[in-house]
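The values are calculated or read from the model by the stated rules, or taken from the named source; none is laboratory data. All figures in this text were calculated on a predicted structure; none of them were measured in a lab. All Cβ positions, even for glycine, are placed from backbone atoms using ideal geometry, and neighbour counts span all protein chains on display. In case anyone asks, the SASA skips ligands and DNA or RNA and just uses the protein heavy atoms, side chains included. Shrake-Rupley method; radii C 1.70, N 1.55, O 1.52, S 1.80 Å.
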Amino acid sequence: MQFAQPLFLWALTGLSIPVGIHLLSRKEGRVIRMGSLRHLRETSTQQFRGIKLNEILLLVLRCLLIILFVFLLSGLHWNDSENDRWLLVESGVEKNSSAKKLIDSLQTQGFEWHLLQAGFPKERTTTGQESTNYWNIISSLQQQKLNQAIVLSFSRMENFKEVRQFIPSTIQWITFPCPPNNFIAEVTQQDLNHVLIRRGHSQSNVTSFETELSLNSLPDSISIVKKNSVSVMVGYDPEFENDKIIVKAALQAIAKKLPIEFTITESIAEKEITHSSDWLIWLSRKQLAPMDSVKSISYVDKSSTQLVEQVSKLQWILTKRLTIETVLQ
């Protein structure tokens, strides 16, 4: 016999209420002076005995009602000879404050603690971070033939593998948000003394990245990669001289924040573009001929709220002339 909420057992002090009522309601009989004892012999005392018995039964009934009400509030239950109710907790979930309270409450109710892993071990510590296939867990739980199983887990996408399983009514699955995770996504060599560190910040609903320039003082366990090299051809007309300067400044600013090394080549738009490059930026009023293998950004005088629009898989257009005010906006 166990209580889910033993704190309510303090309400048993309310038993003093019917006992107090019983004691206070007791009255002594009046003393009647009699001149003869003849009438006392003829009077039967059975009626008075019945009144006292009714008072005791009423007191016991009141006490039993209070005890029953307190036991209901306390969650009185009996454990079966074999515990067929499991509580399965994924490693790390117990650190969540809400999950910790739920775990304590379920264990008080008699749920048997198991780790959400293959084989469902009872030990709370593991040798390392193991990947858990949630669908395989459901199949294994069905083979256990439990009356009830409550699963507390994260909702990591990589753990939903293979064929989706049907969750029976005997399995209740409760998920909690994953704890925040900070990690280094990539480290790129910027120069001899500096590296670009790409840091990731992952939460349950969003993942963000930031890049920072740092001194090359990282441990040897972190691998450093070389910067990607991207060739850019800038074709321009003389009237787009300022636009060309702004484009080059933008590329230089990008190279300071991203692990990219730009190789920029300039050419007058009147000449035939023969240089092979990864990108072609066309700053001219002349229409650019379509290219199959080169990504291109060309100027097109167009009324649009966006500065850059994508028109095909490899082609973008500039809708405005590049000025300092336009670029800053």
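Per residue of the chain, what 222 nm ellipticity follows from adding -39500 (n - 2.57) for every DSSP H run with n ≥ 4, rounded to the nearest 500?
Values: 7 runs with 88 residues, N = 329.
Taking each H run of at least 4 residues, the total per residue is -8500 deg cm²/dmol.
Could you give the length gained by full extension between Leu23 and Gln165, i.e. 0.36 nm per residue of separation minus their alpha carbon distance, to one decimal place?
Details: separation 142, 0.36 × 142 = 51.12 nm, distance 6.48 nm.
Length difference between fully extended and current span is 44.6 nm.
Mind checking the per residue accessible area of region 278-329 for me, 1.4 Å probe, whole number of Å²?
Values: 3610 Å² over 52 residues.
Accessible area per residue, region 278-329: 69 Å².
In cubic angstrom, how much convex hull volume per residue do the alpha carbon atoms of region 230-290 span?
Working: hull volume 4.8 nm³, N = 61.
Hull volume normalised by residue count: 79 Å³.
Between exposed chymotrypsin sites (Phe, Trp or Tyr not before Pro) in the chain, where DSSP calls loop and at most 12 other Cβ atoms lie within 10 Å, what's the longest gap? List each step's numbers first, then the result.
Numbers: sites that count: Trp78, Phe160, Phe166.
Within the chain, the longest run free of exposed chymotrypsin sites (Phe, Trp or Tyr not before Pro) spans 167-329.
Pull out the extension gain between Lys256 and Glu94, defined as 0.36 nm times the separation in residues minus the alpha carbon to alpha carbon distance; nm, one decimal.
Working: separation 162, 0.36 × 162 = 58.32 nm, distance 4.27 nm.
That works out to 54.1 nm of additional length.
Can you pull the one-decimal nm distance between simple spin-label points at Val294 and Asp104, each 7 Å off the Cα toward Cβ?
Roughly 6.9 nm, to one decimal.
Can you give me the accessible area per residue for region 114-255, using a 1.4 Å probe, in Å²? Kindly include the intermediate steps, with their values, before the conclusion.
Numbers: 8890 Å² over 142 residues.
Here the residues of region 114-255 average 63 Å² of exposed surface.
In the P(r) worked out for region 93-227, what percent of Cα pairs fall beyond 22 Å?
Details: 4900 of 9045 pairs.
Taking all Cα-Cα pairs of region 93-227, the fraction more than 22 Å apart is 54 percent.
For region 204-324, count the residues as N, evaluate 2.2 N^0.38 Å, and divide the Cα radius of gyration by that value, please.
Details: Rg = 17.3 Å, N = 121, 2.2 N^0.38 = 13.6 Å.
Compactness ratio reported: 1.27.
Nearest 0.05, what FRET efficiency do Trp113 and Phe209 give at R0 = 35 Å with Cβ-Cβ as r? Before the final figure, lay out the partial values.
On the way: r = 38 Å, r/R0 = 1.09.
That gives a FRET efficiency of 0.40.
Starting from 0 in steps of 5 Å, tell me what percent of the Cα-Cα pairs of region 148-206 lands in each bin.
4, 13, 14, 17, 13, 10, 9, 8, 5, 4, 3, 1, 1
Would you mind checking Lys227/Lys302; Lys257/Lys313; Lys95/Lys257; Lys256/Lys320; Lys248/Lys313; Lys256/Lys286 for any pair whose Cα atoms are more than 28 angstrom apart? Please report the intermediate quantities before stating the final value.
Details: Lys227/Lys302 36 Å; Lys257/Lys313 25 Å; Lys95/Lys257 37 Å; Lys256/Lys320 25 Å; Lys248/Lys313 23 Å; Lys256/Lys286 32 Å.
Correct reply: Lys227/Lys302; Lys95/Lys257; Lys256/Lys286.
Are there trypsin sites (Lys or Arg not before Pro) in region 225-307 that DSSP puts in a loop and that have at most 10 other Cβ atoms within 10 Å, and which ones?
Lys226, Lys271
DSSP loop (so not H, G, I, E, B), at most 11 other Cβ within 10 Å: list which GluC sites (Glu not before Pro) in region 226-320 pass both filters.
Numbers: sites: Glu239, Glu241, Glu261, Glu266, Glu270, Glu272, Glu309; in loops: Glu270, Glu272.
The qualifying sites are Glu270, Glu272.
Would you mind getting me the FRET efficiency between Gln306 and Phe183? Use the beta-carbon distance for r and R0 = 25 Å, nearest 0.05. Before the final figure, lay out the partial values.
Values: r = 33 Å, r/R0 = 1.33.
Here the calculated transfer efficiency is 0.15.
With a 1.4 Å probe and every protein chain kept in, tell me what percent of the accessible surface of the chain is carbon plus sulfur. All intermediate terms of the calculation are to be shown ahead of the outcome.
Values: 12690 of 23090 Å².
The computed percentage sits at 55.
Between Gln142 and Leu192, what is the label-point separation in nm under the 7 Å Cα-to-beta-carbon projection?
6.6 nm
I'd like the GluC sites (Glu not before Pro) in region 157-197 restricted to DSSP loop residues with at most 13 other Cβ atoms within 10 Å, sorted by number. Provide the component values of the computation, followed by the final result.
Details: sites: Glu158, Glu162, Glu186; in loops: Glu162.
Those that pass, being in a loop and sparsely packed, are Glu162.
Testing the spin-label approximation: label points 7 Å from Cα along Cα→Cβ at Ile67 and Lys226. State their distance in nm.
That separation, rounded to one decimal, is 8.6 nm.
Could you calculate the FRET efficiency of Glu325 with Thr263 from 1/(1 + (r/R0)^6), where r is the beta carbon distance between them and R0 is 30 Å, rounded to 0.05? Present the calculation step by step, with values, prior to reporting the outcome.
Numbers: r = 29 Å, r/R0 = 0.97.
Plugging the Cβ-Cβ distance into 1/(1 + (r/R0)^6) gives 0.55.
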